[in-house]
Amino acid sequence: MNRVIALIRKEIYQIIRDPSSLLIAVVLPAILLFLYGYGVSLDANKIKIGLVVQDSSPEVQSLIRAFKNTKYFDITISRNRQEIEKQIMASHLRGMVVIPVDFSRRLVNPDDISKIQVIADGSETNTATFVQNYARGVILNWMGEEQGNISIQPRYWFNPELKSNYFLLPGSIATIMTLIGTLLTSLVIAREWERGTMEALMATPVSMTEIIAGKLVPYFILGMTSMSICTLAAIFLFGVPFRGSFLLLVIISAAFLTAALEWGLLISTATKNQFLASQVALITAYLPAFILSGFVFEIKSMPGFIQFLTNFVPAKYFVSSLQTIFLAGDIYGVLLPNLAAMLLFAAFLFILILLKTKKRLG
C-alpha cells in the first residue's frame, strides 16, 4: 500500500506539473458541454409553413386563428396554392396546410367528411414529422373547441416542456466523460512511453497491479471532478431538472469512469504513441458513444445487428442511467442493470490489462 500511495503521489505531482491533463479534464468538457448545450437541439418552434385558404367561412377563420396562436408555426396565409408551393421548393417554407373550398360545407354535413391536406418538406425528415404532428394537434384541438364535447388535454411525463436539451445534455455528459476518461489515461501514459519514464518505472520493485492502481486513482479523481463540473453546469447553467439521488449518480459515474480509464490505459499500452493513442481513442470510444449509445440516435430504430452491437458500448448504459436519474429519478429497475453492465465492463478491462501488460521492456 505504501508503494501504491507513493505512485499516486508521484502521478498527482505529474498532473500538477503538466497542464495538459487539467486542460483535458476541465477545459475540454466545458467547451464540449457549451457546444452541446447551445448548439445541439431537436426542438422545432416557429416552423415556417404556408396556409392555403380556399374557404372563407367563419369556421375556417376560427381554424386560421388556431394556427396563428400556436407557438409551433410561423404562418404565411395565401389563397394561391402555386405561390406557396414555390416557396416550399425554394426552402422558404417547410410545408403547407390546404383548407379546401368545400371544407365548411362538408363540416356541417354529418354524412360527409371534411378533409384538410397537410404537405411537409421531406428533405428534412425530422422537421417534416414535426409539421405533420403539430398540424394534426392544432386541428384536433380546434375540433374539440368547436364541437364543445371533446376536450384534449395532452400530458408529457418526465419532460413536460418537451425541451430536447433536457435529455440531450445528460446524454452529452456521457459522451464527454467517455472522451475525457479515455484521453486522460491513453495520452498521458503514451507520453510516458515516448519520454522513457515508463521504462524507469518498470525498473522499480512495484508490481503491474500497483502500477495500474497508481495510474488509475489520480485520473479517476480528476475525471470525477470533471463529471461534477458537467453535472453542476447542466443543472444550474442549462436548467436541466435533477430528480434522482446524487449518491447514486456518483456510484454510476464511478463505475463508468473506471471502465473508460481502463480502456484508455489499454490503448496507451498497445500504442505507446500519443498521436496514435488519440486516434484510437476517438474511433473506439468517442464515436461509438456518440452514435451507438442512444444519445442522439434512437437505438430501436437501428437495424437488428447494430442494436446487438450497442450492447457492447458501455456509454449506452451510462446514457440511459443519466437520462433516468436526471428526468425520472431513482428508477432501480433501469439503473441497477445498467450499473451491473458497467461494472462488468470495468472488471473485464482490468483483467485484460493485467493479462496484456507485462512488466518487461520491448
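Quick check on my filter: what residues within region 240-261 are among the polar types (S, T, N, Q) and over 17 Å from the mean Cα position of the chain (by Cα)? Once the filter is applied, which keeps residues that are among the polar types (S, T, N, Q) and over 17 Å from the mean Cα position of the chain (by Cα), region 240-261 yields 245, 258.
Being among the aromatic types (Phe, Trp, Tyr), in contact with a helix residue (DSSP H, G or I) (Cβ under 9 Å, 6 or more places away or on another chain) and either surrounded by 16 or more Cβ atoms within 10 Å (Cβ to Cβ) or in contact (Cβ under 8 Å) with a residue 24 or more places away in the chain (or both) is true for just one of 238, 275, 297, 246. Which residue is that? Step through it out loud before you land on a result.
Details: 275 fails: either surrounded by 16 or more Cβ atoms within 10 Å (Cβ to Cβ) or in contact (Cβ under 8 Å) with a residue 24 or more places away in the chain (or both); 297 fails: either surrounded by 16 or more Cβ atoms within 10 Å (Cβ to Cβ) or in contact (Cβ under 8 Å) with a residue 24 or more places away in the chain (or both); 246 fails: either surrounded by 16 or more Cβ atoms within 10 Å (Cβ to Cβ) or in contact (Cβ under 8 Å) with a residue 24 or more places away in the chain (or both).
After applying the criteria, what remains is 238.
If you filter region 250-274 down to residues that are touching a Ser or Thr at 6+ places or on another chain (Cβ under 7 Å) and hydrophobic (A, V, I, L, M, F, W, C), you find that the one that is farthest from residue 186 (Cα to Cα) is 252. When 306, 325, 351 are checked against the criterion of being surrounded by fewer than 21 Cβ atoms within 10 Å (Cβ to Cβ) and touching a helix residue (DSSP H, G or I) at 6+ places or on another chain (Cβ under 9 Å), a single residue qualifies: 306. Of all the criteria given as (1) without any contact (Cβ under 8 Å) to a residue 60 or more places away in the chain; (2) of a type outside the set (Gly, Ala, Ser); (3) surrounded by 15 or more Cβ atoms within 10 Å (Cβ to Cβ); (4) more than 25 Å from residue 343 (Cβ to Cβ), the one not satisfied by residue 216 is (4).
The set of residues in region 26-57 being assigned to a loop (DSSP other than H, G, I, E, B) and either farther than 20 Å from residue 140 by Cβ or in contact (Cβ under 8 Å) with a residue 60 or more places away in the chain (or both) consists of 40, 41, 42, 43, 44, 46, 54, 56.
Which count do you get for residues in region 97-138 that are of a type in the set (Val, Ile, Thr), within 17 Å of residue 50 (Cβ to Cβ) and more than 42 Å from the chain's Cα centre (by Cα)?
So in region 97-138, the residues of a type in the set (Val, Ile, Thr) come out as 97-99, 101, 108, 113, 116, 118-119, 125, 127, 129, 131, 138.
Applying the additional criterion that residues be within 17 Å of residue 50 (Cβ to Cβ) yields 97-99, 101, 116, 118-119, 127, 131, 138.
Next, only the ones that are more than 42 Å from the chain's Cα centre (by Cα) stay: 101.
Qualifying residue count for the region: 1.
Answer yes or no as to whether residue 356 is of a type in the set (Lys, Arg) and crowded, with 16+ Cβ neighbours inside 10 Å.
Values: of a type in the set (Lys, Arg): yes; crowded, with 16+ Cβ neighbours inside 10 Å: no.
So residue 356 does not fit the description; no.
From 171, 122, which residue is over 30 Å from residue 64 (Cα atoms) and either in contact with a Leu (Cβ under 8 Å, 6 or more places away or on another chain) or exposed (fewer than 14 other Cβ atoms within 10 Å of the Cβ) (or both)?
Values: 122 fails: over 30 Å from residue 64 (Cα atoms).
So the residue among 171, 122 that is over 30 Å from residue 64 (Cα atoms) and either in contact with a Leu (Cβ under 8 Å, 6 or more places away or on another chain) or exposed (fewer than 14 other Cβ atoms within 10 Å of the Cβ) (or both) is 171.
Considering region 24-59 alone, what residues qualify as being of a type in the set (Val, Ile, Thr) and either more than 27 Å from residue 100 (Cα to Cα) or surrounded by fewer than 17 Cβ atoms within 10 Å (Cβ to Cβ) (or both)? Answer for region 24-59, where residues must be of a type in the set (Val, Ile, Thr) and either more than 27 Å from residue 100 (Cα to Cα) or surrounded by fewer than 17 Cβ atoms within 10 Å (Cβ to Cβ) (or both): 24, 26, 27, 31, 40. Hey, among 33, 63, 51, which residue is of a type in the set (A, V, I, L, M) and within 28 Å of the chain's Cα centre (by Cα)? The match here is 33. A single entry from 167, 103, 158 fulfils the requirement of being among the hydrophobic types (A, V, I, L, M, F, W, C), at pLDDT below 90 and closer than 28 Å to residue 59 by Cα: 103. The set of residues in region 283-304 being modelled with pLDDT under 90 and closer than 22 Å to residue 261 by Cβ consists of 295 alone. Which one of 317, 332, 286 is surrounded by fewer than 21 Cβ atoms within 10 Å (Cβ to Cβ), touching a residue at least 24 places away in the same chain (Cβ under 8 Å) and of a type outside the set (Val, Ile, Thr)? Result: 286 is the single residue among 317, 332, 286 that is surrounded by fewer than 21 Cβ atoms within 10 Å (Cβ to Cβ), touching a residue at least 24 places away in the same chain (Cβ under 8 Å) and of a type outside the set (Val, Ile, Thr).
The values are calculated or read from the model by the stated rules, or taken from the named source; none is laboratory data. What you see is a predicted model; the values in this text were computed from it and never measured. Glycine gets a Cβ as well: all are built from the backbone with ideal geometry, and neighbour counts include every protein chain shown.
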